1. Determine whether the stretch 202-223 contains at least one residue that is among the basic types (Lys, Arg) and without any contact (Cβ under 8 Å) to a residue 40 or more places away in the chain.
2. When residues of the stretch 165-206 are filtered for being assigned to a helix (DSSP H, G or I), within 18 Å of residue 152 (Cβ to Cβ) and open to solvent by less than 40 Å² (accessible area, probe 1.4 Å), how many remain?
3. Restricting the stretch 207-241 to residues that are of a type in the set (A, V, I, L, M, F, W, C) and farther than 22 Å from residue 47 by Cα, which is most open to solvent (accessible area, probe 1.4 Å)?
4. Quickly run through the stretch 94-134 and pick out the residues that are free of Cβ contacts under 8 Å to residues at least 40 places away in the same chain, open to solvent by less than 20 Å² (accessible area, probe 1.4 Å) and not in a strand (DSSP E or B).
5. Examine the stretch 135-146 for a residue that is open to solvent by 30 Å² or more (accessible area, probe 1.4 Å), free of Cβ contacts under 8 Å to residues at least 12 places away in the same chain and more than 21 Å from residue 219 (Cβ to Cβ), and state whether such a residue exists.
6. Any chance the stretch 24-45 includes a residue that's farther than 21 Å from residue 205 by Cβ, of a type in the set (Asp, Glu) and open to solvent by 50 Å² or more (accessible area, probe 1.4 Å)?
7. If you scan the stretch 1-37, which residues turn out to be small (Gly, Ala, Ser), assigned to a loop (DSSP other than H, G, I, E, B) and either farther than 19 Å from residue 123 by Cβ or in contact with a Pro (Cβ under 8 Å, 6 or more places away or on another chain) (or both)?
Amino acid sequence: MCTLTYIPIGSADFFFTTNRDESPLREAEFPKEYLIGESFALYPKDKMAKGTWIMCHENDFSLCLLNGAFEKHKHEPPYKKSRGVMVLEFSEFASTIDFIRDYHFGGMEPFTLLVLRYKYTRSLEEVRWDGETFHYRKLDSSKPYIWSSSTLYTEEAREMRQHWFDNWLRQCNNFSGKETINFHKTTGRDDAFNGLVMNRKGKVKTLSITQIRRKNRMVSMYHDDLIKEESQDIYLTKKNLK
C-alpha cells in the first residue's frame, strides 16, 4: 500500500505491483477468492481491519490503495472506517465516477486509489481523497507509472524513486512479472529508509510484495510474504458466468 508500479504490456495486458510498508503487527492472510455480492474477487486480507490494499475482481477491474493523498497528513483517529474496507465496497458502484459521486468520504483518512479496468479496453484512473475533497484524473494506460505513499516518503524521496524507476525502464529489455518483482525487491537496497524494501528500525517495514498479472485475458495474483519468506501464485477464476 505504499509503493505501486504499473507496467502495461501490449494493448491489453499489464503488471500491477505493490510493496506493503506497514507495522509488523498488521499481519495479512495470503490472497484467496472471496465473494463480494454475487461476484468473486481475489485479494490478501488485513487480519486486523478485514480489508485489503490490492484486489482483482472477476468483473475485469483491479484496485490498489496507497495511504495519503498529496502530502503527509496529521493522523487524527478515530476514522469512520478502514480504507481497506472501502476498497471492498468499491465494487458496489458501476463506475469510478459513481463511486466518487455516491460514496460517503466524510470521516475517511486521506488515500490514493488506482483503478485499472480491462474488460473491453484498458483504462487507468486515479482518485485521491485529501480529507476534505476528492481529486480525479484519468491516466494514459499505455504508459508505465510509479506511486509512493505520501505518508512515508517526502517529495524528495518520491522524486528519487521516480528516478530509479525511469532508469530501470530504460535498462530493462524484458518486462516480465519476475523482472518487475525483482525491481520492487532490490531497488534502493542500500537505503533502508527510502528503498523499495524499507525498514525503519522494525517499526515500519516492507512486509510483502503483491503483483496482479494479466496475460491472454487470464488474471493471476502473486504474493511474496517477506517476513515468512513464503510466496504464492493464484489465478482468479471467472465464476460469475451467466
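The values are calculated or read from the model by the stated rules, or taken from the named source; none is laboratory data. Quantities reported herein were computed from a predicted structural model and do not represent experimental measurements. With ideal geometry, Cβ positions are generated from the backbone for all residues, glycine too; neighbour counts draw on all protein chains shown. Heads up: the accessible areas ignore ligands, DNA and RNA and are worked out on the full protein's heavy atoms, side chains in. Shrake-Rupley method; radii C 1.70, N 1.55, O 1.52, S 1.80 Å.
1. The answer is no; no qualifying residue exists.
2. Number of matching residues: 2.
3. 241
4. Residues satisfying the conditions are 99, 100, 105, 108.
5. no
6. yes
7. 23, 37
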